[in-house]
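Report on the structure given below.
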Amino acid sequence: MNTFSTHSPVAVMEGFPPSSESRITPHNWHEPAFLRWSLMHRSVQVPSVSIWRGDGPASALPEAPQDLDALPVPALDGSPTSLRSMLKQLEVDAFLVMHRGRIVYERYFHGMQPHTLHGTASISKSFMAMLIGILQGQGVLDLEGEAQHYVPEMRGSAMGDATLQQLLDMQAGIQRPVMTGRDGTIGQQDGGVYEILGLLQSNPDAPADFYDFVLRKLRSGQHGRRFYYDNGTVEALAWIVRRATGRTIADLYSELMFMPLGAQRDAYITVDRLGAEFTSGGLATTLRDMARFGEMLRNDGYWNDRQIVPEAFVAATRRGGDREMFAATARHAVMPTGSYRNCFFHMHDDMEGFAASGRYGQRIYVSPRAQLVIAQFSSAGGAPPPHPFDGPTATLQHALATSFANELAVVSG
């Protein structure tokens, strides 16, 4: 494990109190000079609740380190470069590679440390999906049941008659309400949730909380006919889970995921004014705990001497989803053979790769064929997805998987 320190040309939150020009505000946190600090300190900006890791020992992460800094990989333009250089180009904050269950490469940049909690963005959706898989296995949820069966208040709303599986696969027939006057770099997908959390100043047409956010979605066609990526489906699922269990998402994460995973640190998740967790993007955790989650998926839901997520649910996730629906979206340009299933992107390639993906460059990549897991935190600002770095990041993941599968960069075991 190596750490490297670099300094932003703009001081952020420097001084006691911070100077006016260095302060994080709803107007600047998403700008490049401030974004990295924001992703590493989101609980300072937004109300959050802790996800207890339990009082047991952290699960073991064996290490067999290799110096892969100079490993040849494709650069942003496709030309050869080193892995270390490519991580810099991608604005990576932390990067970890596990092969056959052992950490072979781990790097931290820009002040990140192994104990730092970093925002996961939409990787939060993938954690939520696995929680739902656990609850399905316990008989609490039926994925073919409709949302309104669990939450009667959703009856007559755009997602009320969608099944839980359609919500997990982003196949609800919905569209976003028009929200005018937002910064184009934020986008309509995230504008509403950021206003709920206070990360943006609230406009008159902004939803008041995540329950309001769910009910405001507009109907657009039939469910199960197209892939439409939206935070609303996951926030609807979170409402369903709270109602079906009578518990908070944070408590369920603690008991059913972070304790069984043997997480090294408590995580946290941001919440709205009613205490509802931002499940589509508010989770923050450490790099190693993301790697534990990825390794659990590589091992069919089994980790730390127990079956955490039912094997059948993980297997369904790893098979991927409807490729024709995915091909009709802008994300197809980044993943031309891709699909989406249970809040994971599937590449359908020779490395059997699938990934949890979050805005600003957050990733968990799993290649069962290469026996590889990659966990990545980044602070790559810019327009809403697909981001210009999404394609090169997928190419890098595949290149590393290919290297390990072909034993070009591998520790024998």
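Every number here is computed from the coordinates shown, using simple stated rules; none is lab data. Bear in mind that the values here come from a model prediction, so they are computed numbers and not experimental data. Counting neighbours? That spans all protein chains shown, and the Cβs are built from the backbone with ideal geometry, glycine included.
How far, in nm, would the chain grow between Asp142 and Thr25 when pulled straight, counting 0.36 nm per residue and subtracting the alpha carbon separation?
My answer for the length gained is 37.9 nm.
Dipole orientation for the chain: of the candidates Ile374, Phe227, Ser357, Phe227 has the Cα lying most toward the positive pole (charges on Cβ; Lys, Arg +1; Asp, Glu -1). The trypsin sites (Lys or Arg not before Pro) of segment 93-164 that meet both conditions, a loop assignment by DSSP and at most 14 other Cβ atoms within 10 Å of the site Cβ, are Arg155.
Of the GluC sites (Glu not before Pro) in segment 133-182, the ones in a loop by DSSP (not H, G, I, E or B) with at most 11 other beta carbons within 10 Å are Glu144. A Förster radius of 25 Å, combined with the Cβ-Cβ distance separating Ala58 from Ala328, puts the computed FRET efficiency at roughly 0.05. Summarising the label geometry, the points placed 7 Å from Cα in the beta-carbon direction at Asp67 and Leu218 lie 5.9 nm from one another.
The helix-only estimate of mean residue ellipticity at 222 nm for the chain, built from DSSP H runs of length n ≥ 4 each weighted as -39500 (n - 2.57), is -8000 deg cm²/dmol after division by the residue total.
For the chain, the residue among Gly282, Val309, Thr25 whose Cα projects farthest onto the positive side of the dipole built from Cβ charges is Val309. Peptides 70-77, 401-408, 191-198, ordered by how many other C-beta atoms sit within 10 Å of their residues on average, highest first, read 191-198, 401-408, 70-77. Each Lys and Arg adds +1 at its Cβ and each Asp and Glu adds -1 at its Cβ; summed about the Cα centre, segment 24-154 shows a dipole of about 400 debye.
Which of the listed residues, Val241, Gly184, Ala162, is farthest toward the dipole's positive end in segment 147-293, when Lys, Arg count +1 and Asp, Glu count -1 at the beta-carbon? So the residue furthest toward the plus end is Ala162.
Take Phe109, Phe95 and order them by how many other Cβ atoms sit within 10 Å, fewest up front.
Phe109, Phe95
Averaged over residues, the count of other Cβ atoms within 10 Å places the peptides 111-119, 274-282 in the sequence 274-282, 111-119, highest first. Helices meeting the span-like rule in the chain (full DSSP H runs, Cα extent of at least 18 Å along the helix axis, mean Kyte-Doolittle score of 0.0 or higher): 123-137, 231-245, 390-405.
Between Ser85 and Ala312, the simple label model (points 7 Å from Cα in the Cβ direction) yields a spacing of 5.1 nm.
Basic side chains Lys and Arg get +1 at the Cβ, acidic Asp and Glu get -1 at the Cβ, and with that the dipole of segment 85-232 about its Cα centre reaches some 460 debye.
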